1. Conditions first: (1) free of Cβ contacts under 8 Å to residues at least 12 places away in the same chain; (2) of a type in the set (Gly, Ala, Ser); (3) more than 16 Å from the ligand (Cβ to nearest atom). Gly128 passes all but one, so which condition is the exception?
2. How many residues are more than 13 Å from Leu38 (Cα to Cα) and open to solvent by less than 40 Å² (accessible area, probe 1.4 Å) if we restrict to segment 131-155?
3. Any residue at all in segment 55-62 that is under 30 Å from Ala200 (Cα atoms) and assigned to a strand (DSSP E or B)?
4. Which of the following residues is more than 18 Å from Ala191 (Cα to Cα), β-branched (Val, Ile, Thr) and either more than 14 Å from the ligand (Cβ to nearest atom) or modelled with pLDDT of 95 or more (or both): Ile81, Ile77?
5. Here are the criteria: (1) touching a Gly at 6+ places or on another chain (Cβ under 9 Å); (2) over 16 Å from Tyr184 (Cβ atoms); (3) away from the ligand (no atom under 12 Å from the Cβ); (4) outside any loop (DSSP other than H, G, I, E, B). Tell me which single one Arg137 does not satisfy.
6. Return a yes/no flag: does segment 194-208 have any residue that is at pLDDT 95 or above and more than 26 Å from Val91 (Cα to Cα).
7. Quick one: in segment 155-208, which of the residues that are within 16 Å of the ligand (Cβ to nearest atom) and part of a loop (DSSP other than H, G, I, E, B) is farthest from Thr66 (Cα to Cα)?
8. Any chance segment 28-44 includes a residue that's open to solvent by 40 Å² or more (accessible area, probe 1.4 Å), within 12 Å of the ligand (Cβ to nearest atom) and touching a strand residue (DSSP E or B) at 6+ places or on another chain (Cβ under 9 Å)?
Amino acid sequence: MIRAASTIAIAMAWAWFTPVADTIRTEAQPADYFQFPLPSWEPHCLGFGSEWRYCNGTVLRRCSATGAVWLHTGVDIKTGIQPVMAAANGVIIGYIVDPTFRGGVLIRHQTPDGVVITQYWHVWPRSGYAVGTVVTRGEVFADIADMGSRTHFHFAVFSGDYDSHTWNGALPPARCDGFPAFPYQFVDPTAFVQAHLEPAPAKVVRHGGHGLQDVDP
Ligand SMILES: [Zn+2]
């Protein structure tokens, strides 16, 4: 139902005036909580800060002068081809296609601690999702791309507003070739999401005589 308004929402996403209809979402809701974009979260070959290599050890990129292997800015997750969810409320601010890595998507989130951008690689956006589309936490906006035996999901968290390096899946261990040193503004994505999960609903506390005892285990 909401999807029907998506093309209008895209056109208006950066407008500053009041939306003309309640059903058109033109502004992202604040991102108070995050979630993992896939229903399971099993590490693939590379973690946050791993040397940037294929699973067979082949190096993906080195600094030209020093030969230093670049470091992975995100976490790789085992997956088949399945839906990918937005990690939090936000707006899609970038979509590019790399011939090797397939689609990359950036979602910008306004959090109580400032702007955070989540990065999704090896995905294809679903119909109706493009730059400017507003998404809510848990909303399916893409599917994992088929990369044969290399099929996996890459997820990164960039703390701060967009710059050209927000796209990077890896950065050098020391500044080289025009790229800043790892981790730059990237943070451990699994730790970040775990620290920003929505708290479980509070247990009902039975108040006794003095009303101060803890919840029963
Ligand atoms: Zn990766």
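1. Going through the list (1) free of Cβ contacts under 8 Å to residues at least 12 places away in the same chain; (2) of a type in the set (Gly, Ala, Ser); (3) more than 16 Å from the ligand (Cβ to nearest atom), Gly128 breaks only (1).
2. Number of matching residues: 7.
3. no
4. Being more than 18 Å from Ala191 (Cα to Cα), β-branched (Val, Ile, Thr) and either more than 14 Å from the ligand (Cβ to nearest atom) or modelled with pLDDT of 95 or more (or both) holds for just one of Ile81, Ile77, which is Ile81.
5. Status for Arg137: all satisfied but (4).
6. Within segment 194-208, not a single residue is at pLDDT 95 or above and more than 26 Å from Val91 (Cα to Cα).
7. Asp188
8. Looking through segment 28-44, at least one residue is open to solvent by 40 Å² or more (accessible area, probe 1.4 Å), within 12 Å of the ligand (Cβ to nearest atom) and touching a strand residue (DSSP E or B) at 6+ places or on another chain (Cβ under 9 Å).
The values are calculated or read from the model by the stated rules, or taken from the named source; none is laboratory data. In this text, all values refer to a predicted model and were calculated from it rather than measured experimentally. Neighbour counts run over all protein chains shown; Cβ positions are idealised from the backbone, glycine included. Just the protein is used for accessible areas: all its heavy atoms, side chains included, with ligands, DNA and RNA removed. Shrake-Rupley method; radii C 1.70, N 1.55, O 1.52, S 1.80 Å.
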